[in-house]
Amino acid sequence: MFEKRFKTSLLPLFAGFLLLFHLVLGGPAAANAETQNTSNELTAPSIKSGTILHAWNWSFNTLKHNMKDIHDAGYTAIQTSPINQVKEGNQGNKSMSNWYWLYQPTSYQIGNRYLGTEQEFKEMCAAAEEYGVKVIVDAVINHTTSDYAAISNEIKSIPNWTHGNTQIKNWSDRWDVTQNSLLGLYDWNTQNTQVQSYLKRFLERALNDGADGFRYDAAKHIELPDDGNYGSQFWPNITNTSAEFQYGEILQDSASRDAAYANYMNVTASNYGHSIRSALKNRNLSVSNISHYASEVSADKLVTWVESHDTYANDEEESTWMSDDDIRLGWAVIASRSGSTPLFFSRPEGGGNGVRFPGKSQIGDRGSALFEDQAITAVNRFHNVMDGQPEELSNPNGNNQIFMNQRGSHGVVLANAGSSSVTINTSTKLPDGRYDNKAGNGSFQVTDGKLTGTINARSVAVLYSDDIANAPHVFLENVKTGVTHSFNDQLTITLRADANTTKAVYQINNGQETVFKDGDQLTIGKGDPFGTTYTITLTGTNSDGVTRTQEYSFVKREPSAAKTIGYQNPNHWGQVNAYIYKHDGGRALELTGSWPGKAMIKNADGIYTLTLPADTDTTNAKVIFNNGSAQVPGQNQPGFDYVQNGLYNDSGLSGSLPH
């Protein structure tokens with residue numbers, strides 16, 4: 001929820017609420033994934049690679065009764081409102097305008113008046129599992145309620161549990177932002193290990209009840225380990241659970257430190273949402289304005305949205321003005337893209353067009369039916385079946401009212417922000433043939449690499465072959481194709497196969513085929529000499545006999561070998577740094593310290609080099625070269641694959657360092 005949400009005249013019971021601030025930047029990071037499925041069309045069912053329905057204010061029973069519709073609409077996950085005990089303000093009135101009481105915890109027992117009991121939460125999670133839908137809980141662990149008398153004795157019994165409720169005054173000061181109170185809400189003393197244990201027990205109980213992940217409310221208001229003498233191990237401790245997916249509400253401003261939080265969780269791209277809404281208001285979908293995520297955190301660590309519950313509920317000017325057509329168009333942009341995890345906000349019934357709370361529904365009820373609209377559903381399914389395909393954003397024929405995203409040669413999404421229908425005649429990589437619009441009426445034709453057809457005003461077109469949707473999909477979890485991955489001793493990898501795959505096999509170096517099931521693990525390297533290479537080929541077959549293959553390359557390297565890389569510095573930067581990081585589960589470990597990394601040394605031949613300690617584990621590491629501001633690869637792009645003794649230019653690896 002929160003950040004700057006309520007009016008500063010904050011009485012103990014919070015009479016009102018207002019807008020927050022959104023703005024700024026950070027520095028790079030990394031990723032994580034998984035798979036499960038019950039529908040042939042949903043071929044990318046991990047939370048990270050799918051789409052999330054933010055079921056704002058839906059009760060547990062409402063969610064349970066609508067789980068099939070949620071599944072059929074193509075969502076991989078749902079996000080609940082806070083599930084723990086909260087302040088029952090305004091005599092527990094369930095009017096939608098009282099939504100903010102759900103963000104005022106009184107204890108961390110599961111269940112509250114607004115959403116339901118713990119048993120109902122468990123039943124909802126069981127229904128979600130039945131339909132292959134994951135559950136993300138909105139966890140409010142930065143603060144409690146502002147009403148001290150309402151806070152439970154179990155919280156008050158923790159010695160030194162709170163920082164108090166002195167309000168933040170300087171929103172650009174990290175100490176103030178992390179150690180003082182959001183608008184009078186009693187701030188948890190998150191440096192206190194007993195507090196950490198108490199909150200972590202709540203998270204683990206939610207996981208045991210059936211949750212799969214968490215959204216951490218007001219996450220930037222909790223300090224990081226390197227925040228000077230007030231830093232703590234809160235986030236390394238709290239995020240060390242069995243949760244599949246975790247992300248933090250890091251509304252971007254000068255104190256947000258997005259990239260540092262991305263070491264522990266995915267983070268919100270609030271500035272990108274602002275860019276999308278500006279594009280919709282101006283009816284200008286120029287890719288030059290909406291292609292960049294407005295964050296230096298890599299796309300695969302971002303949660304994106306057209307609007308959030310804060311932009312909707314706090315100020316009509318921020319996003320409540322949008323119509324359903326605007327939401328459809330914005331969703332076509334963000335959810336057709338690769339990399340980030342899109343979150344669809346479920347508005348109250350009848351909301352939008354400048355009206356926040358029309359009184360057609362109350363807390364606990366299902367939101368607007370837009371979440372299962374044909375166009376929204378079509379984009380969700382497109383997002384899922386295009387997992388792993390590169391994106392190519394464009395404005396066909398230079399028309400900035402038309403957005404086009406081409407995902408490899410497999411599919412295309414079009415969005416027309418204008419008030420008139422437009423005839424499309426543009427190049428495409430789609431195979432020749434007719435493509436019916438899965439988002440609405442009409443069809444498009446591809447002939448000799450040209451896509452033609454008409455897209456109606458204020459509408460979306462989703463184009464791909466049913467053969468793509470039903471194709472088998474086999475892959476190695478968290479491993480990219482097209483590059484050689486190195487390791488030092490032995491490596492265990494997880495084999496994945498989606499629900500379309502009836503038979504899956506792997507081969508090592510063109511050896512014997514071995515059948516595997518989704519989730520099986522394979523270990524390579526044990527006892528083999530350094531320098532051994534491994535080509536692992538996966539083949540999946542579906543019930544129609546269609547096959548798909550993926551190939552991966554690995555090499556076992558001597559760990560004591562010098563870990564040196566070089567950069568040719570074609571831009572003639574005066575200062576050259578190397579920022580090297582790697583994945584560790586859902587986190588990014590910074591091998592050269594925080595951004596911008598370590599300075600490289602200029603050699604006599606003009607090549608800049610950096611040598612890491614011999615015991616540094618550079619398996620699957622990435623490198624970004626920079627001068628402190630400019631960087632290659634560019635902003636929002638993952639680093640080049642780290643290759644020991646590699647020589648790089650602005651296009652990536654160009655050769656090896658001279659001996």
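Some values worked out for this structure:
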quantity	calculated
Single unsatisfied condition, Asp467 versus (1) assigned to a strand (DSSP E or B); (2) open to solvent by 40 Å² or more (accessible area, probe 1.4 Å); (3) closer than 30 Å to Ser553 by Cα	(1)
Members of region 419-447 found to be farther than 17 Å from Ala375 by Cα, assigned to a loop (DSSP other than H, G, I, E, B) and among the small types (Gly, Ala, Ser), listed by number	Ser419, Ser420
Odd one out for Val546 among (1) in contact (Cβ under 8 Å) with a residue 24 or more places away in the chain; (2) open to solvent by 70 Å² or more (accessible area, probe 1.4 Å); (3) of a type in the set (Val, Ile, Thr)	(2)
Condition check for Tyr534: part of a strand (DSSP E or B) and closer than 30 Å to Leu224 by Cβ	no
For Gln401: the one exception among (1) assigned by the TED database to the domain that holds Ala279; (2) of a type outside the set (D, E, K, R); (3) over 26 Å from the mean Cα position of the chain (by Cα)	(1)
Of residues in region 370-395 being polar (S, T, N, Q) and assigned to a helix (DSSP H, G or I), the one surrounded by the fewest Cβ atoms within 10 Å (Cβ to Cβ)	Gln374
Extreme residue, farthest from Asn57 (Cα to Cα), among residues of region 335-350 that are at pLDDT 95 or above, out of contact with any His (no Cβ under 8 Å at 6 or more places or on another chain) and surrounded by 24 or more Cβ atoms within 10 Å (Cβ to Cβ)	Thr341
Verdict on Gln445 being in contact with an Asp or Glu (Cβ under 6 Å, 6 or more places away or on another chain) and either modelled with pLDDT of 95 or more or buried (at least 21 other Cβ atoms within 10 Å of the Cβ) (or both)	no
Residue within region 634-642 that is small (Gly, Ala, Ser) and without any contact (Cβ under 8 Å) to a residue 12 or more places away in the chain present	yes
Residue within region 359-369 that is at negative phi, buried (at least 21 other Cβ atoms within 10 Å of the Cβ), among the charged types (D, E, K, R) and in contact with a Gly (Cβ under 9 Å, 6 or more places away or on another chain) present	no
Filter pass, Tyr186 being open to solvent by 20 Å² or more (accessible area, probe 1.4 Å) and either of a type in the set (Phe, Trp, Tyr) or farther than 21 Å from Asp253 by Cα (or both)	yes
Among the residues listed as Arg205, Arg174, the single one being among the charged types (D, E, K, R) and within 30 Å of Ala127 (Cβ to Cβ)	Arg205
Scope region 309-334; condition among the polar types (S, T, N, Q) and either closer than 17 Å to Val413 by Cα or open to solvent by less than 10 Å² (accessible area, probe 1.4 Å) (or both); matching residues	Thr311, Asn314, Ser319, Thr320
Check on Ile524, of a type in the set (A, V, I, L, M) and farther than 26 Å from Arg381 by Cα	yes
Selection count, region 629-651, where residues are within 14 Å of Asn571 (Cα to Cα) and assigned to a strand (DSSP E or B)	4
Residues that are assigned to a helix (DSSP H, G or I) and either outside the structural domain of Lys122 (by the TED database) or touching a residue at least 24 places away in the same chain (Cβ under 8 Å) (or both), drawn from region 208-233	Asp209, Ala219, Lys220, His221, Gly228, Tyr230
Positions within region 617-630 being open to solvent by 10 Å² or more (accessible area, probe 1.4 Å), touching a residue at least 40 places away in the same chain (Cβ under 8 Å) and of a type outside the set (A, V, I, L, M, F, W, C), in sequence order	Asp617, Thr619, Asn620, Lys622, Asn627, Gly628
Some residue of region 607-615 being of a type in the set (S, T, N, Q), in a loop (DSSP other than H, G, I, E, B) and surrounded by fewer than 20 Cβ atoms within 10 Å (Cβ to Cβ)	no
Strands (runs of 3 or more DSSP E) lying entirely in region 77-175 (those with 1 or more residues that are small (Gly, Ala, Ser) and either over 24 Å from the mean Cα position of the chain (by Cα) or at negative phi (or both))	77-79, 105-112, 134-139, 162-164
Leading residue by the ranking (modelled with the highest pLDDT) among those in region 480-498 that are assigned to a strand (DSSP E or B) and surrounded by fewer than 17 Cβ atoms within 10 Å (Cβ to Cβ)	Thr492
Residue satisfying all of: in region 396-418; open to solvent by 10 Å² or more (accessible area, probe 1.4 Å), in contact (Cβ under 8 Å) with a residue 40 or more places away in the chain and among the polar types (S, T, N, Q); farthest from Arg283 (Cα to Cα) among these	Asn400
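Table: residues versus (1) at pLDDT 95 or above; (2) in contact with a Pro (Cβ under 9 Å, 6 or more places away or on another chain); (3) within 23 Å of Phe245 (Cα to Cα); (4) not charged (D, E, K, R).
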{"site": "Trp56", "(1), (2), (3), (4)": "yes, yes, yes, yes"}
{"site": "Ser59", "(1), (2), (3), (4)": "yes, no, yes, yes"}
{"site": "Met67", "(1), (2), (3), (4)": "yes, no, yes, yes"}
{"site": "Ile78", "(1), (2), (3), (4)": "yes, no, yes, yes"}
{"site": "Pro82", "(1), (2), (3), (4)": "yes, yes, yes, yes"}
{"site": "Ser107", "(1), (2), (3), (4)": "yes, no, no, yes"}
{"site": "Ile110", "(1), (2), (3), (4)": "yes, no, yes, yes"}
{"site": "Leu115", "(1), (2), (3), (4)": "yes, yes, yes, yes"}
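The values are calculated or read from the model by the stated rules, or taken from the named source; none is laboratory data. If you're wondering where the values come from, they're calculated on a predicted model, not measured in any experiment. Cβ: placed from backbone, ideal geometry, glycine included. Neighbour counts: every protein chain shown. For the accessible areas, the whole protein counts, side chains as well, though only heavy atoms, and no ligand, DNA or RNA atoms are used. Shrake-Rupley method; radii C 1.70, N 1.55, O 1.52, S 1.80 Å.
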